[in-house]
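Input: a single structure, listed below in structure tokens.
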Amino acid sequence: MTQPMPALSAPMVNGPAPKAPGGDHPSIANASSKKMISLEVRRPPIPKITHNFVPLRMLIGRTAQDAWNKFQEVLDMLYNPSILELEKKKRTVEYCQTYRKNFIKLLVLSKWAENADRVSDAIDLKAFLDQQFMHFDGITNGLMATKAAMARARIPNPDLTTAMEVLSTGRPQVAAMKAYVPPPPLTPQETLKTLRHINAFLAIRFGLHETLPPHFRDYKIGSGKATFSVPGEFDVDLSVGSENLKEQLYLVDVRPTYEPAVRPLPDVVFREIELRGNDILGKSGLEGMYSFLHEYFMTAKITTLLRQTFEMVSGLWIENIQVQQIRRTLLIHYWTQRPSDFKRSTIEVGIMRGSNSGPSRIGIRWTCEGVEMNDVVVPLDTTNLSAEALVRTVIALHTNHMLTVIHERISKAIGPSMSSTVMKLVLHPTDSWQSRLEMQLTPSRRSNVMFEPITGRMVISDPVEATIAAERRMNENLPRNATRTHPADILMRLRGQMTQQEVEERARCVGWETKHMPPPKDKDRQQYKQFFPADTRYILYLRRKEWVDGWLVAFVQAESGNSWRVVETVVRQGHPTIVASQPIPSSSRYFAVTYSHLRDLQKMASGVIGHYTNARELASLHVPYLFRSPEPLSSPSSMTYTTSIRIPDLIIRFSSLMTGAHWAIDVLKVCFAGISTNGAITLIVHGRTKQSMTQLADTNFAAASKDSDVSFHPRTGSYVIRLEVQVGASAIQVIKEKLKRIERLIRFVGVIRKFKLNCTHVALGRITFYYTRPGTPVPQQAEVVFESSTSAMKIILPPESPLNRLHPHLQAALNHHGLETVIKALLATSPLLTALDELVLDDDTHILVRGLEWIRIEYRKWNNVVDMRLNQRRSVLMWYIYDPVVDRPAAGNEQRDACKKLQEVWEKDGCGWVPLRTGAAAGLDSVGGLLKEVHRVMSSQGDK
């Protein structure tokens, strides 16, 4: 807007202007005849501020999108089972609080947007006023600078005294002339002479009259000055103003000798040092000069470190260090972004009092997470100053300290011997990235635990999901009053979880099944300690589908080391309960759980389960036994033991297992020989008879052949039994059955040896031998089958054997009287039945076998019968052939007719048989001839 201004007065020259006629001022008079002039003050334009304005719709959209993205992360976190419930609640509340604040701000902005024009005008006005205030401050500062600069432009008052003297005498005073007229310049010769004179004077003064401080004893004289050098601090040049020894020394120059430093010193700084230095030289001499410069440059070094830390704060270390200066002490707080429950770590760089009356020095005090580390010396290079190197060195010491604490804690938990296998601590004095704790997390994964030097976060190399979760637990912010888990415990838990996961994955690949076992109840927790080590952390249960239900293999991870155990469970109240646990022996305390080892684990676990079940049954039978370290079998093909499989042998007392059996020595060894293709246990039972079995065929002693489950060594009497038993089932009853069959076999072998017969095949359930008497042209064979002690024995004869007529009677004799009776019957009846088989019989002639010792021939055509009975005569077995009608008329032969023609046979003598009144007796070798003669006589009868 415009405002009318009063008319300006006309200029006044040498007094007021003359008045116009009528008494008015001439300007007024002229104004009446002219148009009045007015000034218009315009409102200054206010600039419109639009820079950095963001549309409200964009802000709302981005906030909503960011809230949605974070919401998805929260959902993923809620479904992550590895995160604790407390942590899930904490993160959910933090998310809600954060975005509630953001949306409240959006609400406020939306309210402002209803008056957007007025708000924009207020912003414009505020920016305009700030700009005007800047102009006012600039004018004020300019006036102050002009005033300060004008002080140097003052002209001194006239020197009237000197002026009077010059006007009166024509020349000034000599002393006054020196202040205005420079002396004539020295020639080079005079300059050199003067400097040499000063050098000599300084040498005499410092050598004879001055007491030099200890740190000023390293000096040199040249060019008219003495240069004192203090390594790592400064060089100072001093000289004299006269030849008076009592006159003070003067400061010529000073130069810092450390890096980085400004050379030469700025004029303002040097003038201040020169002024104060000369004053101190006049009062305190060289001692005071050293103390002054020493303190000054220590302060300058701390200032240099401060400047370097500010550069760090604005660079790579932003928000991770904080810098504070208190007088001459520099405080550097590092790792400031760590969670709030971590106490602050600080580096203090300051001036420390000298020891033993020595000078003060720059020292460092390090506080590590609230604990002052007085026993740790922090190196500081005061010659080449580097704040970043100092911080990195302290962080390296901090990292080494933390890694050492973690290593010691884990070593104490798992033991020194285990620690050397699982961990390796590598420390570097200055570079924290080179310090690491190498850990064997799983049998196939080795990772490094390190500290990130800038942020202080713990990191684990080769990240996977489990290690990332462990890192988060070690570095996360905790709620108030929450207790942080020690990193060593987290690492041990991580190692256990990853090892269990890897073992489970590999075990599934080679055919193992995982078994979930509910954790023990509080009342049963103490009972579990008798099955597993007291320091057990994790247990993984595995089983094979071929095993008997209730048997498992447990992979136990304890602080003292990992181990494998076989576990027996029973179902009680609907839940499986552990009732027994046995360790699996191995040559290595720490298993490298490879695929080959897991395949061998089936053998180891099966062997332990088999021996345990057998030993338990032996204990129930009160049979003494013991376990002994395994011995390799004699045959390389039967070798089943490797460096990791060490199943002991089970030694059993034979006499206690087989009560009343005295045919074998009193030691029975049961060896584990692997598993079959169907998952059953293969056991080899070793024993030896008291007598050799030379009549048996030579067999392989190392293991049973494919055709038989028992092998013998005839010369030594040793035998081997091969068994296949389901894992978890006892083999004792099977072994007893096999031993009973061996006992029977040995008895049979003894019988065969007694009769001096030849065996053609010997097995545990079958024996084949020749029973033909000596001199017989065609050998005859018999086979005895005895499959078990409870089943009936069988005798098998060749189809063409004449003795098949006696087969039912031989079978009955074998099961009731034994093999000896059968062999006697075979030897006694073989000649007779052979002769019977050679007879030509018609349809009316029949052979009836009434028993092993009684055979009858019926001649129905003539109604005659002939009996053959085996009896002893004078301790010699002989066959008696007679006509029962004549000899025993009342023995059921009333309907038969006597054959009178046989009388001529009975009366013959000298034909190889003994004639009797009603028959004849023939030996076993001559009965065939007698039978044929009887048959000839009977067949030659005429028709009735």
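Worth pointing out:
- Selection within the stretch 110-131 - touching a residue at least 24 places away in the same chain (Cβ under 8 Å) and over 24 Å from I46 (Cα atoms): S110
- M134 meets each of the listed conditions (1) closer than 30 Å to P45 by Cβ; (2) open to solvent by less than 100 Å² (accessible area, probe 1.4 Å) apart from (2).
- For the residues L281, L265, L238, the requirement of being open to solvent by less than 30 Å² (accessible area, probe 1.4 Å) and touching a Gly at 6+ places or on another chain (Cβ under 8 Å) singles out L281.
Each row is one residue, and each column tells you yes or no for (1) part of a loop (DSSP other than H, G, I, E, B); (2) at pLDDT below 90; (3) touching a Cys at 6+ places or on another chain (Cβ under 6 Å); (4) not polar (S, T, N, Q).
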| site | (1), (2), (3), (4) |
| --- | --- |
| G207 | no, yes, no, yes |
| T227 | no, no, no, no |
| D253 | no, no, no, yes |
| R271 | no, no, no, yes |
| D279 | no, no, no, yes |
| F292 | no, no, no, yes |
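Rundown of residues vs (1) out of contact with any strand residue (DSSP E or B) (no Cβ under 7 Å at 6 or more places or on another chain); (2) surrounded by 16 or more Cβ atoms within 10 Å (Cβ to Cβ); (3) modelled with pLDDT of 85 or more, yes/no style:
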residue: N477; (1), (2), (3): yes, no, no
residue: L491; (1), (2), (3): no, yes, yes
residue: Q500; (1), (2), (3): no, yes, yes
residue: G511; (1), (2), (3): yes, no, yes
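- Boolean, S581 is out of contact with any Leu (no Cβ under 8 Å at 6 or more places or on another chain) and at pLDDT below 80: no
- Residue pairs whose Cβ atoms lie under 6 Å apart, sitting 6 or more positions apart in sequence or on different chains, and linking a residue in the stretch 669-680 that is in the same structural domain as A729 (by the TED database) to a partner that is surrounded by 21 or more Cβ atoms within 10 Å (Cβ to Cβ) and modelled with pLDDT under 85, are F672/I647.
- Screening G207 with (1) farther than 30 Å from A300 by Cα; (2) open to solvent by 60 Å² or more (accessible area, probe 1.4 Å); (3) not polar (S, T, N, Q) gives one miss only, at (2).
- Scanning the stretch 86-105 for residues that are under 16 Å from E476 (Cβ atoms), in contact with a Lys or Arg (Cβ under 9 Å, 6 or more places away or on another chain) and open to solvent by 50 Å² or more (accessible area, probe 1.4 Å) returns no hits.
- Tabulated pairs, the stretch 473-486, first free of Cβ contacts under 8 Å to residues at least 40 places away in the same chain, second outside any loop (DSSP other than H, G, I, E, B) and open to solvent by less than 60 Å² (accessible area, probe 1.4 Å), C-beta under 6 angstrom, 6+ apart or interchain: R473/I490; M474/M458; M474/P487; M474/I490
- Flag for R91 being within 30 Å of I490 (Cα to Cα) and not in a loop (DSSP other than H, G, I, E, B): yes
- The combined condition, being under 55 Å from the mean Cα position of the chain (by Cα), surrounded by fewer than 11 Cβ atoms within 10 Å (Cβ to Cβ) and in a helix (DSSP H, G or I), is not fulfilled by R62.
- D137 outside the structural domain of I468 (by the TED database) and at pLDDT 90 or above: yes
- Residues in the stretch 824-882 that are in contact with a His (Cβ under 8 Å, 6 or more places away or on another chain), assigned to a strand (DSSP E or B) and surrounded by fewer than 19 Cβ atoms within 10 Å (Cβ to Cβ): V849, G851, E858.
- For G818, the test of being in contact with a helix residue (DSSP H, G or I) (Cβ under 9 Å, 6 or more places away or on another chain), over 20 Å from F769 (Cβ atoms), of a type outside the set (D, E, K, R) and at pLDDT 85 or above is failed.
- The set of residues in the stretch 202-251 that are more than 15 Å from N278 (Cα to Cα) and of a type in the set (V, I, T) comprises I204, T211, I221, T227, V230.
- Residue check: P808 meets all listed conditions (1) open to solvent by 10 Å² or more (accessible area, probe 1.4 Å); (2) in contact with a helix residue (DSSP H, G or I) (Cβ under 8 Å, 6 or more places away or on another chain) but one, namely (2).
- When the stretch 707-748 is filtered for residues that are within 13 Å of A664 (Cβ to Cβ), assigned to a loop (DSSP other than H, G, I, E, B) and open to solvent by less than 30 Å² (accessible area, probe 1.4 Å), only G717 remains.
- Residue among V556, V464, V566 that alone is of a type outside the set (D, E) and more than 14 Å from the chain's Cα centre (by Cα): V566
- Among all residues of the stretch 49-58, there is at least one that is outside the structural domain of R118 (by the TED database) and either in contact (Cβ under 8 Å) with a residue 60 or more places away in the chain or within 41 Å of the chain's Cα centre (by Cα) (or both).
- In summary, G232 fulfils each of the numbered conditions (1) part of a loop (DSSP other than H, G, I, E, B); (2) open to solvent by 100 Å² or more (accessible area, probe 1.4 Å) with the single exception of condition (2).
Each row is one residue, and each column tells you yes or no for (1) open to solvent by less than 80 Å² (accessible area, probe 1.4 Å); (2) touching a strand residue (DSSP E or B) at 6+ places or on another chain (Cβ under 9 Å); (3) over 30 Å from E465 (Cβ atoms); (4) polar (S, T, N, Q).
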| residue | (1), (2), (3), (4) |
| --- | --- |
| P45 | no, no, yes, no |
| K48 | no, no, yes, no |
| N80 | yes, no, no, yes |
| L84 | no, no, no, no |
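The values are calculated or read from the model by the stated rules, or taken from the named source; none is laboratory data. It should be emphasised that the depicted structure is a prediction, and the values quoted were computed from it without experimental measurement. Methodologically, a virtual Cβ is constructed for each residue, glycine included, from the backbone with ideal geometry; neighbour enumeration extends over all protein chains shown. When the accessible area is computed, the model is the full protein with side chains, heavy atoms only, and any ligands, DNA or RNA have been set aside. Shrake-Rupley method; radii C 1.70, N 1.55, O 1.52, S 1.80 Å.
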